[in-house]
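Novice: Please read through the structure below; I'll follow up with questions.
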Amino acid sequence: AGGETAGKINEYFVKVLYFRRLQYMASVSRIRQSFKNSTVALALFTVNLILQFYSRKIFLDYLGAEVLGLNTTASNLLQFLNLAELGISSAVGFTLYRPLACDDYDTVSEVVSLQRHLYRRIAFFIIGCSAVLMCFFPWIFAKITLPLWYAYAAFVVFLISALLGYFVNYKQVVLTANQQEYKVQYSYKSIMILKVLVQVYALKNFDSGYVCWLVCEVLFAILGSLSLSRTTAKAAPYLRKSSKKFDELKKQYADFTIKIKQLFFHKISGFVLTQTSPLIIYAYISLTEVALYDNYMLMILGVMSLTNAIFNGLDASIGNLVSTEKTDRIMSIFEELFSLRFFYASVLCFAIYLYASDFVTFWIGPEYLLSDSTLSIMVAILFLNIIRTSAGAFLYAYQLVYDIWAPIAEATINLGLSLLLGYFYGLNGILTGVLISIVLIPVLWKAYFAFRKGFRRPFGIYIRTLVKHVLLTAIAMWVFSYVRICVPVPSAQSMFGLLSEGVISMTIFSLFLGALLYFTNSGLKLFVNRLIKR
(Lines give C-alpha, C1' and ligand atoms only; values in the text may rest on other atoms or scores of the structure.)
Protein backbone atom coordinates (compact mmCIF):
# COMPACT_ATOMS: atom_id res chain seq x y z
CA ALA A 1 0.00 0.00 0.00
CA GLY A 2 2.85 2.35 0.85
CA GLY A 3 4.51 1.65 -2.47
CA GLU A 4 1.23 2.25 -4.35
CA THR A 5 0.73 5.59 -2.54
CA ALA A 6 4.30 6.63 -3.32
CA GLY A 7 3.72 5.74 -6.95
CA LYS A 8 0.59 7.90 -7.14
CA ILE A 9 2.41 10.79 -5.47
CA ASN A 10 5.28 10.43 -7.93
CA GLU A 11 2.81 10.33 -10.84
CA TYR A 12 1.13 13.48 -9.51
CA PHE A 13 4.40 15.41 -9.35
CA VAL A 14 5.37 14.22 -12.83
CA LYS A 15 2.08 15.66 -14.14
CA VAL A 16 2.64 18.91 -12.24
CA LEU A 17 6.16 19.27 -13.65
CA TYR A 18 4.89 18.47 -17.14
CA PHE A 19 2.16 21.10 -16.81
CA ARG A 20 4.69 23.67 -15.57
CA ARG A 21 6.91 22.83 -18.53
CA LEU A 22 4.00 23.41 -20.91
CA GLN A 23 3.29 26.74 -19.21
CA TYR A 24 6.92 27.79 -19.61
CA MET A 25 7.01 26.75 -23.28
CA ALA A 26 3.77 28.66 -23.90
CA SER A 27 5.25 31.73 -22.23
CA VAL A 28 8.41 31.54 -24.36
CA SER A 29 6.28 31.05 -27.49
CA ARG A 30 4.15 34.10 -26.63
CA ILE A 31 7.24 36.25 -26.21
CA ARG A 32 8.85 34.96 -29.42
CA GLN A 33 5.71 35.45 -31.51
CA SER A 34 5.02 38.88 -30.02
CA PHE A 35 8.56 39.99 -30.79
CA LYS A 36 8.32 38.71 -34.36
CA ASN A 37 4.95 40.40 -34.89
CA SER A 38 6.21 43.71 -33.55
CA THR A 39 9.51 43.61 -35.45
CA VAL A 40 7.96 42.94 -38.87
CA ALA A 41 5.15 45.43 -38.32
CA LEU A 42 7.58 48.10 -37.11
CA ALA A 43 9.88 47.69 -40.12
CA LEU A 44 7.04 47.94 -42.63
CA PHE A 45 5.44 50.77 -40.68
CA THR A 46 8.64 52.84 -40.84
CA VAL A 47 8.88 52.50 -44.60
CA ASN A 48 5.17 53.15 -45.08
CA LEU A 49 5.16 56.22 -42.82
CA ILE A 50 8.00 57.88 -44.73
CA LEU A 51 6.19 57.20 -48.00
CA GLN A 52 2.88 58.51 -46.62
CA PHE A 53 4.41 61.87 -45.71
CA TYR A 54 6.13 62.13 -49.06
CA SER A 55 3.06 61.06 -51.03
CA ARG A 56 0.86 63.50 -49.08
CA LYS A 57 3.11 66.37 -50.14
CA ILE A 58 3.01 65.22 -53.77
CA PHE A 59 -0.78 64.89 -53.58
CA LEU A 60 -1.16 68.43 -52.23
CA ASP A 61 1.30 69.87 -54.74
CA TYR A 62 -0.35 68.29 -57.79
CA LEU A 63 -4.04 68.02 -56.79
CA GLY A 64 -4.60 70.51 -53.96
CA ALA A 65 -6.19 70.51 -50.52
CA GLU A 66 -9.80 70.27 -51.75
CA VAL A 67 -9.24 66.93 -53.50
CA LEU A 68 -7.53 65.60 -50.38
CA GLY A 69 -10.45 66.76 -48.25
CA LEU A 70 -12.89 65.11 -50.67
CA ASN A 71 -11.01 61.80 -50.41
CA THR A 72 -11.16 61.99 -46.62
CA THR A 73 -14.88 62.75 -46.61
CA ALA A 74 -15.68 59.94 -49.08
CA SER A 75 -13.68 57.51 -46.95
CA ASN A 76 -15.53 58.59 -43.81
CA LEU A 77 -18.91 58.03 -45.51
CA LEU A 78 -17.85 54.51 -46.44
CA GLN A 79 -16.69 53.84 -42.89
CA PHE A 80 -20.19 54.70 -41.76
CA LEU A 81 -21.55 51.90 -43.96
CA ASN A 82 -18.89 49.54 -42.64
CA LEU A 83 -20.64 49.73 -39.27
CA ALA A 84 -22.68 46.85 -40.69
CA GLU A 85 -19.63 44.66 -40.01
CA LEU A 86 -20.91 44.69 -36.41
CA GLY A 87 -17.55 43.78 -34.89
CA ILE A 88 -17.66 40.26 -36.32
CA SER A 89 -13.88 40.10 -36.85
CA SER A 90 -13.24 40.98 -33.20
CA ALA A 91 -15.75 38.35 -32.05
CA VAL A 92 -14.12 35.74 -34.29
CA GLY A 93 -10.67 36.71 -32.99
CA PHE A 94 -11.29 36.07 -29.34
CA THR A 95 -13.53 33.07 -30.09
CA LEU A 96 -10.54 31.42 -31.80
CA TYR A 97 -8.02 31.92 -28.96
CA ARG A 98 -8.93 28.74 -27.08
CA PRO A 99 -9.48 26.33 -30.03
CA LEU A 100 -6.18 27.46 -31.60
CA ALA A 101 -4.37 26.94 -28.28
CA CYS A 102 -5.87 23.40 -28.13
CA ASP A 103 -5.31 22.61 -31.85
CA ASP A 104 -9.07 22.19 -32.29
CA TYR A 105 -9.05 22.89 -36.02
CA ASP A 106 -12.59 21.63 -36.64
CA THR A 107 -13.94 24.39 -34.40
CA VAL A 108 -11.65 26.93 -36.08
CA SER A 109 -12.98 25.98 -39.53
CA GLU A 110 -16.59 26.15 -38.35
CA VAL A 111 -16.16 29.61 -36.79
CA VAL A 112 -14.47 30.95 -39.95
CA SER A 113 -17.24 29.42 -42.08
CA LEU A 114 -19.82 31.20 -39.95
CA GLN A 115 -17.86 34.42 -40.45
CA ARG A 116 -17.90 33.82 -44.21
CA HIS A 117 -21.69 33.46 -44.28
CA LEU A 118 -22.15 36.64 -42.25
CA TYR A 119 -19.67 38.64 -44.33
CA ARG A 120 -21.39 37.72 -47.59
CA ARG A 121 -24.69 39.09 -46.29
CA ILE A 122 -23.05 42.25 -44.98
CA ALA A 123 -21.22 42.88 -48.27
CA PHE A 124 -24.44 42.84 -50.28
CA PHE A 125 -26.09 45.08 -47.69
CA ILE A 126 -23.25 47.61 -48.05
CA ILE A 127 -23.52 47.53 -51.85
CA GLY A 128 -27.23 48.34 -51.65
CA CYS A 129 -26.74 51.14 -49.11
CA SER A 130 -23.89 52.60 -51.19
CA ALA A 131 -26.14 52.80 -54.25
CA VAL A 132 -28.74 54.68 -52.23
CA LEU A 133 -26.13 56.98 -50.64
CA MET A 134 -24.63 57.97 -53.98
CA CYS A 135 -28.04 59.29 -55.05
CA PHE A 136 -27.57 62.02 -52.44
CA PHE A 137 -24.02 63.02 -53.48
CA PRO A 138 -25.20 66.18 -55.29
CA TRP A 139 -26.50 67.46 -51.95
CA ILE A 140 -23.71 66.03 -49.74
CA PHE A 141 -20.97 67.58 -51.90
CA ALA A 142 -22.83 70.72 -52.88
CA LYS A 143 -20.09 72.92 -51.35
CA ILE A 144 -17.23 71.58 -53.50
CA THR A 145 -15.92 73.38 -56.60
CA LEU A 146 -14.61 70.15 -58.16
CA PRO A 147 -16.52 68.13 -60.77
CA LEU A 148 -18.99 65.81 -59.04
CA TRP A 149 -17.51 62.73 -60.70
CA TYR A 150 -14.50 63.13 -58.40
CA ALA A 151 -16.72 62.26 -55.43
CA TYR A 152 -18.35 59.29 -57.21
CA ALA A 153 -15.02 57.91 -58.43
CA ALA A 154 -13.32 58.18 -55.03
CA PHE A 155 -16.24 56.56 -53.23
CA VAL A 156 -16.52 53.65 -55.68
CA VAL A 157 -12.78 52.97 -55.48
CA PHE A 158 -12.82 52.90 -51.68
CA LEU A 159 -15.95 50.74 -51.80
CA ILE A 160 -14.25 48.10 -53.97
CA SER A 161 -11.26 47.99 -51.60
CA ALA A 162 -13.58 47.54 -48.62
CA LEU A 163 -15.61 44.77 -50.29
CA LEU A 164 -12.44 42.75 -50.87
CA GLY A 165 -12.19 42.47 -47.09
CA TYR A 166 -15.60 40.78 -46.97
CA PHE A 167 -15.14 38.44 -49.93
CA VAL A 168 -11.39 37.60 -49.82
CA ASN A 169 -9.43 38.89 -46.82
CA TYR A 170 -11.63 37.70 -43.96
CA LYS A 171 -9.59 34.53 -43.26
CA GLN A 172 -6.63 36.61 -42.07
CA VAL A 173 -8.27 36.67 -38.61
CA VAL A 174 -6.94 33.12 -38.09
CA LEU A 175 -3.34 34.33 -38.49
CA THR A 176 -3.91 37.24 -36.12
CA ALA A 177 -5.57 35.08 -33.46
CA ASN A 178 -2.78 32.51 -33.79
CA GLN A 179 -0.07 35.12 -33.00
CA GLN A 180 1.05 35.27 -36.66
CA GLU A 181 0.18 38.88 -37.44
CA TYR A 182 3.61 39.29 -39.05
CA LYS A 183 2.46 37.12 -41.97
CA VAL A 184 -0.43 39.49 -42.57
CA GLN A 185 1.99 42.39 -42.47
CA TYR A 186 4.51 41.22 -45.03
CA SER A 187 1.98 39.66 -47.43
CA TYR A 188 -0.37 42.67 -47.56
CA LYS A 189 1.45 45.77 -46.34
CA SER A 190 4.39 45.26 -48.71
CA ILE A 191 1.92 45.43 -51.64
CA MET A 192 0.46 48.64 -50.20
CA ILE A 193 3.93 50.18 -50.01
CA LEU A 194 4.46 49.41 -53.70
CA LYS A 195 1.05 50.97 -54.41
CA VAL A 196 2.08 54.29 -52.86
CA LEU A 197 5.28 54.38 -54.96
CA VAL A 198 3.34 53.80 -58.18
CA GLN A 199 0.74 56.43 -57.23
CA VAL A 200 3.44 59.03 -56.60
CA TYR A 201 5.01 58.25 -59.97
CA ALA A 202 1.61 58.59 -61.69
CA LEU A 203 0.86 61.96 -60.09
CA LYS A 204 4.23 63.37 -61.12
CA ASN A 205 4.33 62.05 -64.67
CA PHE A 206 0.78 61.86 -66.08
CA ASP A 207 -1.67 64.63 -66.86
CA SER A 208 -4.60 62.53 -65.63
CA GLY A 209 -2.77 61.84 -62.39
CA TYR A 210 -5.87 61.54 -60.19
CA VAL A 211 -7.44 58.93 -62.48
CA CYS A 212 -4.21 56.91 -62.39
CA TRP A 213 -4.13 57.30 -58.59
CA LEU A 214 -7.64 55.82 -58.34
CA VAL A 215 -6.85 52.97 -60.75
CA CYS A 216 -3.77 52.06 -58.71
CA GLU A 217 -5.89 52.09 -55.55
CA VAL A 218 -8.13 49.37 -57.01
CA LEU A 219 -5.48 47.24 -58.74
CA PHE A 220 -3.16 47.05 -55.75
CA ALA A 221 -6.05 46.35 -53.38
CA ILE A 222 -6.82 43.29 -55.52
CA LEU A 223 -3.16 42.22 -55.62
CA GLY A 224 -2.82 42.65 -51.86
CA SER A 225 -5.94 40.59 -51.23
CA LEU A 226 -4.72 37.74 -53.46
CA SER A 227 -1.32 37.77 -51.74
CA LEU A 228 -2.91 37.68 -48.30
CA SER A 229 -5.27 34.88 -49.33
CA ARG A 230 -2.36 32.79 -50.56
CA THR A 231 -0.38 33.37 -47.37
CA THR A 232 -3.36 32.38 -45.22
CA ALA A 233 -3.86 29.18 -47.23
CA LYS A 234 -0.22 28.19 -46.66
CA ALA A 235 -0.16 29.07 -42.95
CA ALA A 236 -3.54 27.52 -42.14
CA PRO A 237 -3.98 24.50 -44.45
CA TYR A 238 -6.45 23.02 -41.98
CA LEU A 239 -9.05 25.67 -42.88
CA ARG A 240 -11.85 24.22 -44.93
CA LYS A 241 -15.41 25.16 -45.69
CA SER A 242 -17.76 23.57 -43.18
CA SER A 243 -20.47 21.26 -44.49
CA LYS A 244 -22.90 22.69 -41.94
CA LYS A 245 -25.43 25.25 -43.09
CA PHE A 246 -25.61 28.82 -41.85
CA ASP A 247 -28.58 28.30 -39.54
CA GLU A 248 -26.95 25.24 -38.00
CA LEU A 249 -23.68 27.07 -37.35
CA LYS A 250 -25.49 30.09 -35.94
CA LYS A 251 -27.40 27.87 -33.53
CA GLN A 252 -24.28 25.93 -32.54
CA TYR A 253 -22.34 29.12 -31.77
CA ALA A 254 -25.14 31.10 -30.14
CA ASP A 255 -22.69 32.82 -27.76
CA PHE A 256 -20.77 34.06 -30.78
CA THR A 257 -23.89 35.78 -32.11
CA ILE A 258 -24.46 37.43 -28.72
CA LYS A 259 -20.88 38.75 -28.70
CA ILE A 260 -21.38 40.22 -32.17
CA LYS A 261 -24.44 42.12 -31.03
CA GLN A 262 -22.53 43.46 -28.02
CA LEU A 263 -19.50 44.42 -30.13
CA PHE A 264 -21.74 46.31 -32.56
CA PHE A 265 -22.26 49.01 -29.95
CA HIS A 266 -18.53 49.20 -29.26
CA LYS A 267 -17.91 49.56 -33.00
CA ILE A 268 -20.35 52.47 -33.17
CA SER A 269 -18.38 54.22 -30.44
CA GLY A 270 -15.11 53.70 -32.33
CA PHE A 271 -16.64 55.04 -35.52
CA VAL A 272 -17.98 58.17 -33.84
CA LEU A 273 -14.56 58.78 -32.28
CA THR A 274 -12.48 58.41 -35.44
CA GLN A 275 -14.73 59.15 -38.39
CA THR A 276 -17.29 61.84 -37.52
CA SER A 277 -14.89 64.69 -36.71
CA PRO A 278 -13.96 65.33 -40.39
CA LEU A 279 -17.65 65.25 -41.33
CA ILE A 280 -18.53 67.79 -38.62
CA ILE A 281 -15.58 69.99 -39.64
CA TYR A 282 -16.80 69.86 -43.26
CA ALA A 283 -20.35 70.74 -42.15
CA TYR A 284 -19.27 73.68 -39.96
CA ILE A 285 -16.25 74.95 -41.92
CA SER A 286 -14.96 73.63 -45.29
CA LEU A 287 -13.16 70.84 -47.15
CA THR A 288 -9.97 72.90 -46.96
CA GLU A 289 -10.16 72.90 -43.16
CA VAL A 290 -10.70 69.14 -43.33
CA ALA A 291 -7.45 68.90 -45.32
CA LEU A 292 -5.54 71.00 -42.74
CA TYR A 293 -6.90 68.81 -39.96
CA ASP A 294 -6.12 65.69 -41.99
CA ASN A 295 -2.47 66.73 -42.44
CA TYR A 296 -2.02 66.75 -38.67
CA MET A 297 -4.06 63.57 -38.43
CA LEU A 298 -1.53 61.91 -40.72
CA MET A 299 1.05 62.45 -37.97
CA ILE A 300 -1.40 61.33 -35.30
CA LEU A 301 -2.40 58.26 -37.26
CA GLY A 302 1.27 57.59 -37.94
CA VAL A 303 1.86 57.37 -34.20
CA MET A 304 -1.25 55.20 -33.78
CA SER A 305 -0.04 52.93 -36.59
CA LEU A 306 3.32 52.69 -34.87
CA THR A 307 1.50 51.85 -31.65
CA ASN A 308 -0.49 49.15 -33.41
CA ALA A 309 2.67 47.80 -35.04
CA ILE A 310 4.35 47.46 -31.65
CA PHE A 311 1.45 46.40 -29.44
CA ASN A 312 -1.24 44.78 -31.61
CA GLY A 313 0.94 41.70 -32.00
CA LEU A 314 0.51 41.24 -28.26
CA ASP A 315 -3.30 40.96 -28.38
CA ALA A 316 -3.35 37.30 -29.35
CA SER A 317 -0.68 36.60 -26.73
CA ILE A 318 -2.87 38.33 -24.12
CA GLY A 319 -5.78 36.14 -25.21
CA ASN A 320 -3.60 33.06 -24.82
CA LEU A 321 -2.36 34.35 -21.44
CA VAL A 322 -5.87 34.87 -20.08
CA SER A 323 -6.86 31.39 -21.29
CA THR A 324 -3.96 29.62 -19.56
CA GLU A 325 -2.58 31.65 -16.62
CA LYS A 326 -3.70 32.67 -13.12
CA THR A 327 -4.82 36.16 -12.11
CA ASP A 328 -1.61 37.12 -10.27
CA ARG A 329 0.41 36.40 -13.39
CA ILE A 330 -2.09 38.27 -15.57
CA MET A 331 -2.00 41.31 -13.25
CA SER A 332 1.79 41.38 -13.42
CA ILE A 333 1.69 41.43 -17.23
CA PHE A 334 -0.98 44.15 -17.18
CA GLU A 335 1.22 46.33 -14.97
CA GLU A 336 4.15 45.87 -17.34
CA LEU A 337 2.12 46.70 -20.44
CA PHE A 338 0.40 49.70 -18.83
CA SER A 339 3.71 51.21 -17.75
CA LEU A 340 5.30 50.51 -21.13
CA ARG A 341 2.39 52.10 -23.00
CA PHE A 342 2.38 55.13 -20.70
CA PHE A 343 6.11 55.65 -21.17
CA TYR A 344 5.80 55.23 -24.93
CA ALA A 345 2.80 57.59 -25.16
CA SER A 346 4.48 60.26 -23.03
CA VAL A 347 7.64 60.36 -25.14
CA LEU A 348 5.92 60.42 -28.54
CA CYS A 349 3.16 62.85 -27.57
CA PHE A 350 5.64 65.25 -25.99
CA ALA A 351 7.71 65.10 -29.18
CA ILE A 352 4.68 65.88 -31.35
CA TYR A 353 3.72 68.80 -29.11
CA LEU A 354 7.22 70.30 -29.34
CA TYR A 355 8.01 69.71 -33.01
CA ALA A 356 4.76 69.20 -34.99
CA SER A 357 4.39 72.85 -36.11
CA ASP A 358 8.00 73.08 -37.31
CA PHE A 359 7.63 69.73 -39.05
CA VAL A 360 4.52 70.87 -40.97
CA THR A 361 6.28 74.11 -41.95
CA PHE A 362 9.24 72.24 -43.47
CA TRP A 363 7.02 69.49 -44.89
CA ILE A 364 4.23 71.33 -46.78
CA GLY A 365 4.52 74.99 -45.77
CA PRO A 366 3.35 77.42 -43.04
CA GLU A 367 0.00 77.99 -44.78
CA TYR A 368 -1.07 74.52 -43.55
CA LEU A 369 -0.46 75.19 -39.83
CA LEU A 370 -3.15 74.83 -37.17
CA SER A 371 -3.16 76.83 -33.93
CA ASP A 372 -1.15 75.74 -30.89
CA SER A 373 -4.36 75.24 -28.89
CA THR A 374 -5.73 72.87 -31.55
CA LEU A 375 -2.45 70.96 -31.56
CA SER A 376 -2.56 70.62 -27.75
CA ILE A 377 -6.03 69.08 -27.82
CA MET A 378 -5.08 66.70 -30.61
CA VAL A 379 -2.00 65.57 -28.69
CA ALA A 380 -4.09 65.01 -25.55
CA ILE A 381 -6.54 62.87 -27.55
CA LEU A 382 -3.66 60.86 -29.00
CA PHE A 383 -2.16 60.26 -25.55
CA LEU A 384 -5.46 58.99 -24.13
CA ASN A 385 -6.10 56.79 -27.16
CA ILE A 386 -2.76 55.06 -26.62
CA ILE A 387 -3.14 54.36 -22.90
CA ARG A 388 -6.84 53.41 -23.17
CA THR A 389 -5.97 50.14 -24.88
CA SER A 390 -4.06 48.89 -21.83
CA ALA A 391 -7.35 47.79 -20.26
CA GLY A 392 -9.16 47.29 -23.58
CA ALA A 393 -6.92 44.44 -24.74
CA PHE A 394 -7.61 42.49 -21.54
CA LEU A 395 -11.34 43.17 -21.74
CA TYR A 396 -11.43 41.58 -25.19
CA ALA A 397 -9.33 38.66 -23.96
CA TYR A 398 -11.81 38.09 -21.11
CA GLN A 399 -14.66 38.62 -23.63
CA LEU A 400 -16.09 41.36 -21.39
CA VAL A 401 -18.04 43.32 -23.98
CA TYR A 402 -21.55 43.20 -22.49
CA ASP A 403 -21.33 46.78 -21.14
CA ILE A 404 -23.17 48.04 -24.22
CA TRP A 405 -24.33 51.17 -22.43
CA ALA A 406 -20.70 52.39 -22.28
CA PRO A 407 -20.10 52.77 -26.05
CA ILE A 408 -23.57 54.28 -26.44
CA ALA A 409 -22.73 56.83 -23.74
CA GLU A 410 -19.30 57.51 -25.28
CA ALA A 411 -20.76 58.03 -28.76
CA THR A 412 -23.55 60.26 -27.40
CA ILE A 413 -21.14 62.41 -25.36
CA ASN A 414 -18.68 62.56 -28.23
CA LEU A 415 -21.14 63.51 -30.95
CA GLY A 416 -23.32 65.74 -28.76
CA LEU A 417 -20.47 67.79 -27.30
CA SER A 418 -18.66 67.98 -30.66
CA LEU A 419 -21.76 69.41 -32.33
CA LEU A 420 -22.52 71.78 -29.45
CA LEU A 421 -19.00 73.02 -28.75
CA GLY A 422 -18.13 73.03 -32.45
CA TYR A 423 -20.98 75.44 -33.13
CA PHE A 424 -19.57 77.95 -30.62
CA TYR A 425 -15.81 77.29 -30.74
CA GLY A 426 -15.16 75.75 -34.15
CA LEU A 427 -12.45 73.12 -34.55
CA ASN A 428 -11.26 73.36 -30.93
CA GLY A 429 -14.82 72.78 -29.71
CA ILE A 430 -15.24 69.70 -31.89
CA LEU A 431 -12.00 68.18 -30.60
CA THR A 432 -12.81 69.05 -26.98
CA GLY A 433 -16.00 67.01 -27.25
CA VAL A 434 -13.91 64.03 -28.38
CA LEU A 435 -11.45 64.53 -25.51
CA ILE A 436 -14.13 64.59 -22.79
CA SER A 437 -15.79 61.41 -24.07
CA ILE A 438 -12.46 59.51 -24.06
CA VAL A 439 -11.65 60.51 -20.48
CA LEU A 440 -15.03 59.47 -19.10
CA ILE A 441 -15.55 56.11 -20.80
CA PRO A 442 -12.42 54.40 -22.22
CA VAL A 443 -9.88 55.73 -19.70
CA LEU A 444 -11.95 55.52 -16.50
CA TRP A 445 -14.91 53.19 -17.01
CA LYS A 446 -13.11 50.56 -19.12
CA ALA A 447 -10.33 50.27 -16.57
CA TYR A 448 -12.89 49.98 -13.76
CA PHE A 449 -14.74 47.27 -15.68
CA ALA A 450 -11.52 45.33 -16.32
CA PHE A 451 -10.47 45.43 -12.67
CA ARG A 452 -13.87 44.54 -11.24
CA LYS A 453 -14.99 41.84 -13.69
CA GLY A 454 -11.75 40.62 -15.27
CA PHE A 455 -8.88 40.85 -12.81
CA ARG A 456 -11.25 40.96 -9.81
CA ARG A 457 -8.98 43.40 -8.04
CA PRO A 458 -9.76 46.78 -6.38
CA PHE A 459 -10.03 49.67 -8.84
CA GLY A 460 -7.89 51.74 -6.46
CA ILE A 461 -4.85 49.81 -7.73
CA TYR A 462 -5.38 51.28 -11.19
CA ILE A 463 -5.97 54.81 -9.87
CA ARG A 464 -2.78 54.73 -7.79
CA THR A 465 -0.81 53.40 -10.75
CA LEU A 466 -2.25 56.03 -13.11
CA VAL A 467 -1.66 58.94 -10.69
CA LYS A 468 1.93 57.84 -10.04
CA HIS A 469 2.71 57.68 -13.74
CA VAL A 470 1.05 61.06 -14.42
CA LEU A 471 3.00 62.78 -11.64
CA LEU A 472 6.34 61.30 -12.67
CA THR A 473 5.74 62.22 -16.32
CA ALA A 474 4.73 65.76 -15.37
CA ILE A 475 7.95 66.13 -13.33
CA ALA A 476 10.04 64.85 -16.24
CA MET A 477 8.36 67.25 -18.70
CA TRP A 478 8.77 70.23 -16.36
CA VAL A 479 12.47 69.52 -15.74
CA PHE A 480 13.13 68.95 -19.44
CA SER A 481 11.31 72.15 -20.46
CA TYR A 482 13.17 74.18 -17.82
CA VAL A 483 16.55 72.87 -18.99
CA ARG A 484 15.54 73.51 -22.60
CA ILE A 485 14.82 77.17 -21.76
CA CYS A 486 18.06 77.58 -19.79
CA VAL A 487 20.14 75.99 -22.55
CA PRO A 488 18.73 77.55 -25.74
CA VAL A 489 19.31 75.61 -28.94
CA PRO A 490 19.44 77.39 -32.33
CA SER A 491 16.32 76.85 -34.42
CA ALA A 492 16.57 74.12 -37.03
CA GLN A 493 17.00 75.40 -40.57
CA SER A 494 16.01 72.25 -42.43
CA MET A 495 13.96 69.10 -42.08
CA PHE A 496 17.11 67.08 -41.38
CA GLY A 497 18.17 69.53 -38.68
CA LEU A 498 14.72 69.37 -37.09
CA LEU A 499 14.70 65.57 -37.08
CA SER A 500 18.22 65.45 -35.63
CA GLU A 501 17.30 67.89 -32.86
CA GLY A 502 14.12 65.96 -32.13
CA VAL A 503 15.87 62.59 -31.92
CA ILE A 504 18.57 63.91 -29.57
CA SER A 505 16.12 65.79 -27.35
CA MET A 506 13.63 62.93 -27.08
CA THR A 507 16.40 60.43 -26.38
CA ILE A 508 17.49 62.53 -23.41
CA PHE A 509 13.89 62.96 -22.25
CA SER A 510 13.08 59.25 -22.62
CA LEU A 511 16.17 58.25 -20.62
CA PHE A 512 15.23 60.67 -17.85
CA LEU A 513 11.58 59.59 -17.75
CA GLY A 514 12.56 55.92 -18.04
CA ALA A 515 14.91 56.26 -15.05
CA LEU A 516 12.15 57.89 -12.97
CA LEU A 517 9.71 55.08 -13.77
CA TYR A 518 12.30 52.32 -13.32
CA PHE A 519 13.52 53.42 -9.89
CA THR A 520 10.00 53.95 -8.52
CA ASN A 521 9.14 50.26 -8.95
CA SER A 522 6.71 50.67 -11.82
CA GLY A 523 5.78 47.98 -14.30
CA LEU A 524 8.53 49.33 -16.55
CA LYS A 525 11.07 47.86 -14.14
CA LEU A 526 9.42 44.44 -14.42
CA PHE A 527 9.47 44.74 -18.21
CA VAL A 528 13.15 45.75 -18.40
CA ASN A 529 14.16 42.98 -16.02
CA ARG A 530 12.23 40.50 -18.15
CA LEU A 531 14.10 41.62 -21.27
CA ILE A 532 17.43 41.27 -19.50
CA LYS A 533 16.58 37.74 -18.36
CA ARG A 534 15.40 36.71 -21.83
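Novice: Based on the alpha-carbon gyration tensor of segment 115-230 and its eigenvalue square roots a ≥ b ≥ c, which shape applies: rounded if a/c is under 1.5, prolate if not and a/b is larger than b/c, or oblate?
Specialist: oblate
Novice: Still on this structure: Indicate the gyration tensor shape class of segment 352-431 (rounded, prolate or oblate), computed on the Cα atoms with a ≥ b ≥ c the square roots of the eigenvalues: a/c under 1.5 is rounded; otherwise a/b larger than b/c is prolate and the rest oblate.
Specialist: In terms of gyration-tensor shape, oblate.
Novice: On to the next question. How much of residue 57 can a 1.4 Å solvent probe reach, expressed as accessible area in Å² and rounded to 10?
Specialist: Approximately 70 Å² for this residue.
Novice: In nm, what is the difference between 0.36 nm times the number of residues separating residue 230 and residue 327 and their Cα-Cα distance?
Specialist: 31.1 nm
Novice: If you don't mind, there's one more thing I want to ask. Starting from 0.36 nm per residue, how many nanometres of slack lie between residue 46 and residue 508 once their C-alpha separation is accounted for?
Specialist: Result for the pair: 164.1 nm of gain on full extension.
Novice: Okay, next question. If we sort 487-495, 435-443 on the protection proxy, mean other Cβ atoms within 10 Å, highest first, what's the order?
Specialist: Top of the packing list down: 435-443, 487-495.
Novice: Another question about this same structure. Stretch residue 121-residue 284 to full length: gain in nm at 0.36 nm per residue minus the Cα-Cα span?
Specialist: Gain on extension, residue 121 to residue 284, equals 55.1 nm.
Novice: Another one. Could you give the accessible area per residue of segment 358-446, probe 1.4 Å, as a whole number in Å²?
Specialist: Value for segment 358-446: 39 Å² per residue.
Novice: Quick one: the Cα spread of segment 408-534 along its three principal axes, in angstroms, biggest first?
Specialist: Computed over segment 408-534, the largest-to-smallest principal extents equal 47, 46, 26 Å.
Novice: Shifting gears a bit: If you average the alpha carbon positions of segment 191-263 and of segment 359-388, how far apart do those two centres end up, in angstrom?
Specialist: Spelled out, the Cα-based centre of one part sits 31 Å from the other.
Novice: Select from 113, 179, 131 the residue farthest towards the positive end of the dipole of segment 87-210; place +1 on Cβ of Lys and Arg, -1 on Cβ of Asp and Glu, and compute about the Cα centre.
Specialist: Value computed over the given set: 131.
Novice: Using a/c under 1.5 as the rounded threshold, could you call segment 294-452 rounded, prolate or oblate? The axes a ≥ b ≥ c are square roots of the C-alpha gyration tensor eigenvalues, and prolate needs a/b larger than b/c, oblate otherwise.
Specialist: Oblate shape, in that a/c is at least 1.5 and b/c is the bigger or equal ratio.
Novice: Which value, in debye to the nearest 20, describes the size of the charge dipole of segment 406-519 about its Cα centre when Lys and Arg Cβ atoms bear +1, Asp and Glu Cβ atoms bear -1, and nothing else is charged?
Specialist: Dipole about the Cα centre, nearest 20: 640 debye.
Novice: Next question, about the same structure. Sort 388-396, 158-166, 144-152 by packing, meaning the average of other beta carbons within 10 Å per residue, with the highest value first.
Specialist: Ranked by mean Cβ neighbours within 10 Å, highest first: 388-396, 158-166, 144-152.
Novice: Using mean Cβ contacts within 10 Å as the protection proxy, how do 61-69, 459-467, 523-531, 128-136 order, highest first?
Specialist: Ranking the peptides 61-69, 459-467, 523-531, 128-136 by packing returns 61-69, 523-531, 459-467, 128-136.
Novice: As I understand it, the dipole of segment 329-392 uses +1 on the Cβ of Lys and Arg and -1 on the Cβ of Asp and Glu, about the Cα centre. Which of 337, 352, 369 lies farthest toward its positive end?
Specialist: So the residue we want is 337.
Novice: Give the accessible surface of segment 132-269 per residue, rounded to a whole number of Å², with probe radius 1.4 Å and ligands, DNA and RNA excluded.
Specialist: 52 Å²
The values are calculated or read from the model by the stated rules, or taken from the named source; none is laboratory data. In this text the structure is predicted, and so the values were computed from the model without any measurement. Here Cβ is always computed from backbone atoms with ideal geometry, including for glycine, and neighbour counts include all displayed protein chains. Remember, those area values only see protein heavy atoms, side chains included, never the ligands or the DNA or RNA. Shrake-Rupley method; radii C 1.70, N 1.55, O 1.52, S 1.80 Å.
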